[in-house]
Amino acid sequence: MLIAIPDMLDADQVGRVRSIIDAVDWIDGNATSGHQSALAKKNQQLPEGSDAARAAGAIILEALGRSPLFIAAALPLKVYPPLFNRYGVGETFDTHVDSAIRIQRGSDFRIRSDLSATLFLEPPEAYDGGELVIEDQFGVQKVKLPAGQMILYPASSLHHVTPVTSGRRVASFFWIQSMIRDDAARRILFDLDQGVQRVTAELGGKDRAAVQLTGVYHNLLRRWADA
Ligand code: NI
């Protein structure tokens, strides 16, 4: 399932992130690659674990924690500290699948990547190309969102970034280990959550049906979740 989070960062937060990451030096994007993706990737990355990456990442992590849509869609157990990349003219990332397990260098933090996230940090009209192309079970989806918007997609999907032909694409990317490992089960819970919210809004939180459906949601979560 692909889910766009429209209001992940507001304009002020995008500005703060950009002022931090634009002020420091970037390195070759292959610093974090596994062997297969190193062959496919041609871009630049902010050094992982650098002060700038940490400070800009903290703004994003805080926003994630305040987003009901992100929490309902991802049901996050762990979030990898956000990374940042940019693609200049001619840069690209060929078709690949993200590594299943990510271990943060120099720490004991490890994560199973259930979901991949790309948070766009450059207005789409400022560059050509640089679309994120995701092959999921419904076909090929091309994604290029306004600055501050984020796409969540299955980490198991094949995906690539088309070459940038003018301007520069800037984004944050990271992975989420969900409490719900299975994409289809997570989708059911997301749909149920959205339905419960609608019923609760229409009938009130004390309505018997709203209470029962909320109970079903939590009991499915209890049955399926790793917490
Ligand atoms: Ni990827």
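Just so you know, all these numbers are worked out from the coordinates, no wet-lab data involved. All values reported here derive from a predicted model rather than from experimental measurement. Reconstructed Cβ throughout: ideal geometry from the backbone, glycine too, with neighbour counts over all protein chains shown.
Some notes on this structure:
- 0 to 90° range, to nearest 10: angle between helix 51-65 axis and the chain longest Cα axis: 20 degrees
- Residue-count net charge about residue 209 - beta-carbon cut-off 15 Å; Lys, Arg +1, Asp, Glu -1: +1
- For region 79-95 versus region 195-219, the inter-centroid distance based on Cα atoms is 41 Å.
- Ratio of the Cα radius of gyration of region 105-202 to 2.2 N^0.38 Å, where N counts its residues: 1.29
- Region 29-156: C-alpha gyration tensor shape, a/c 1.5 cut-off, then a/b vs b/c: rounded
- The residue list 89, 47, 74 was ranked by how far each Cα lies along the charge dipole of region 1-93 toward its positive end, using unit charges on Cβ atoms, and 74 comes out on top.
- Here region 76-227 is assigned +1 on the Cβ of each Lys and Arg and -1 on the Cβ of each Asp and Glu. Its dipole about the Cα centre then comes out at about 540 debye.
- All other residues whose Cβ lies under 10 angstrom from that of residue 131 are scored, Lys and Arg at +1 and Asp and Glu at -1, for a net of +2.
- For region 80-154, trypsin sites (Lys or Arg not before Pro) are listed when DSSP marks them as loop and at most 13 other Cβ atoms sit within 10 Å of their Cβ; the list is 105.
- Between 0 and 90 degrees, the angle of helix 208-224 with respect to the longest Cα principal axis of the chain falls at about 50 degrees.
- Dipole magnitude of region 3-178, debye to nearest 20 (Cβ charges: Lys/Arg +1, Asp/Glu -1, about Cα centre): 300 debye
- Region 183-224: C-alpha gyration tensor shape, a/c 1.5 cut-off, then a/b vs b/c: oblate
- Annotation for residue 211 and residue 30: the two label points, set 7 Å from Cα along the Cα-Cβ direction, are 6.2 nm apart.
- Folded to 0 to 90 degrees: helix 183-203 orientation relative to the chain principal axis, Cα: 50 degrees
- Three principal axis lengths of the chain [C-alpha, angstrom, descending]: 57, 36, 34
- Mean-square fluctuations from a GNM of the chain, with a 10 angstrom spring cutoff on Cα atoms, peak among 213, 203, 115 at 203.
- Given +1 at the Cβ of Lys and Arg, -1 at the Cβ of Asp and Glu and no other charges, the dipole of region 183-224 around its Cα centre is 160 debye to the nearest 20.
- Environment charge at residue 158 (Cβ cut-off 11 Å; Lys +1, Arg +1, Asp -1, Glu -1): -4
- Each Cα pair under 8 Å and six or more residues apart adds its separation to the average, and for the chain the resulting relative contact order is 24 percent.
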